[in-house]
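To keep things clear, I will list the structure first and then write my remarks on it.
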Amino acid sequence: MKHRIIHIKFILALGSCFLSLYANAQQLETLINEALANSPEIQKFDLQYRIASEKVNEVNTLPNTEVSVGYFVSEPETRTGAQRARVSLRQMLPWFGTISTREHYMSSMADAKYEDIVIAKRKLMVSVAQSYYNLYANKAKQNVLIGNINLLETYETLALTSVEVGKASAVDVLKLQMRQNELKQLKEVLQQQYLAEQTNLNKLLNRDKNVEIVVVDALSLPLNDVELDAKDLALHPELLKYDKLFQTVEQSELLNQKDSKPMLGFGLDYIPVAERTDMNPIDNGKDVVMPMVTLSIPIFNNKYKSATKQNALQQQEITAQKQERLNTLETLLDKAINERISARISYNTQTKNLKQAKDAEDILIKSYETGTIDFNDVLDIQELQLKFQMNQIESVRTYYIQSTIINYLIQ
């Protein structure tokens with residue numbers, strides 16, 4: 001249930017960016033759910049977590065019980081008879097609370113492993129979303145190229161008509177045709193790149209690379225960006241993992257302190273005695289039963305002192321690692337926020353440029369109606385229009401790519 005809440009929250013964060021495209025949000029959520037269910041990497045981390053959890057049961061045991069049996073080759077004679085053999089039973093007991101402390105230590109190790117699952121799921125969700133947006137941008141660029149190719153074909157028809165009436169040269173027609181060839185080449189290149197990105201996304205979903213992925217036809221930027229709270233960064237799983245590791249070292253030190261205590265052992269020796277036949281003393285042939293108590297004292301405890309120092313140093317290392325990672329994540333967050341703002345600025349600029357390019361195109365068409373048209377201007381306007389359209393699509397892609405990074409960091 002916790003895993004489900006995590007990725008639903010992530011999808012809602014993405015979906016809030018384009019509420020008008022609910023169907024697309026549903027499609028993306030379906031892909032993410034499939035990736036989470038089928039990912040070998042997630043399964044790997046899940047198995048590691050289950051193994052670490054099972055170790056809690058492994059350490060909930062006492063030291064091995066020692067049983068020894070000895071037979072007297074030369075039977076020693078005693079007053080009550082000859083001793084034939086010796087059977088010994090020993091059981092050492094760790095210091096009070098050692099076993100429960102060891103369980104807590106292994107449980108803390110499992111908790112740290114669990115954070116690996118959460119981190120891996122977040123990263124997989126980001127990878128799926130970003131791949132999806134790459135596919136969208138690729139398909140949108142192909143559609144733009146198709147529109148521009150059709151537009152050039154229309155201009156080519158106008159140019160042929162102008163050539164017939166002597167208002168244009170055959171060179172103009174050839175220029176338009178060459179431009180069409182360039183755009184067709186770009187479209188074919190994009191088609192190959194689409195297949196490569198489709199393979200990437202299918203493999204993130206752990207399925208056949210040739211499964212067709214359908215993306216939304218159009219994406220626009222939301223009117224306003226979702227408000228961000230940088231304080232949420234402190235709750236990021238990558239940072240929480242360091243807290244879990246710190247707790248693991250704390251439990252390790254508690255266990256070290258327990259291990260440095262004495263161990264108490266209980267045992268029993270049993271010696272069968274044969275009856276004497278030459279006389280009949282008191283307790284003739286009576287077997288020997290001897291309870292025993294053992295105390296194991298770690299007099300030479302330098303290793304425990306050294307372990308304490310190592311644990312203290314390891315805690316300092318973990319604290320430094322956490323601060324280093326926090327600095328990196330803050331940098332990534334700031335960069336993503338600024339790049340998303342830049343993408344919005346670029347999108348708005350390209351929208352204005354496209355309107356002006358459309359106005360220029362309309363002017364050229366009206367010029368043709370009056371009998372004059374410069375096909376060099378046509379090519380210039382078409383090239384500018386294509387540039388603005390491509391830049392606008394790239395701005396949309398960048399906006400949503402950066403949004404996935406922001407959501408990964410603070411959601």
Ranking request for peptides 270-282, 241-253, 81-93: highest mean number of other beta-carbon atoms within 10 Å first, then the rest in descending order.
241-253, 81-93, 270-282
Which of the lysines could a cross-linker span from Lys139 if the Cα-Cα distance has to be under 25 Å and same-chain partners fewer than 8 positions apart are dropped?
Lys123, Lys184, Lys187, Lys203, Lys209, Lys352, Lys355, Lys358, Lys387
Nitroxide proxy distance, nm - points 7 Å out along Cα→Cβ at Phe96 and Met263
2.0 nm
Could you tell me which residue out of Leu255, Leu235, Gly265 lies farthest along the dipole of the stretch 233-283 toward its positive end? Charges go on the beta carbon: Lys and Arg +1, Asp and Glu -1, centred on the Cα centre.
Leu235
With mean projected area of the Cα convex hull in nm² in mind, check (1) 21.9; (2) 32.7; (3) 26.0 and report the label derived from this structure.
(2)
Which one of Ile393, Ile373, Leu332 is farthest out on the positive end of the charge dipole of the stretch 324-411, using unit charges on Cβ (Lys, Arg +1; Asp, Glu -1) and the Cα centre as origin?
Leu332
To the nearest 20 debye, the stretch 82-234 has a Cα-centred charge dipole, built from +1 on Lys and Arg Cβ and -1 on Asp and Glu Cβ, of 1280 debye
Counting Lys +1, Arg +1, Asp -1, Glu -1, what net charge surrounds Asn143 among other residues with beta carbon under 11 Å of its beta carbon?
+2
Kirkwood-type radius of the stretch 284-355, with distances r between different C-alpha atoms, in Å
19.5 Å
Please sort 114-123, 255-264, 328-337 by packing, taking for each peptide the average over its residues of neighbouring beta carbons within 10 angstrom, highest first.
114-123, 255-264, 328-337
Amide H neighbours of Val288 under 5 Å, counting only residues 5+ apart in sequence or on other chains, H built in-plane at 1.01 Å?
Ile271, Val273
For the chain, size of Cβ-based charge dipole, Lys and Arg +1, Asp and Glu -1, in debye:
900 debye
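Each value in this text was obtained by applying a stated rule to the coordinates, not by laboratory testing. Please read these numbers as outputs of a predicted model, since none were measured by experiment. Here the Cβ is made from the backbone with ideal geometry for all residues, glycine too, and neighbour counts use every protein chain on show.
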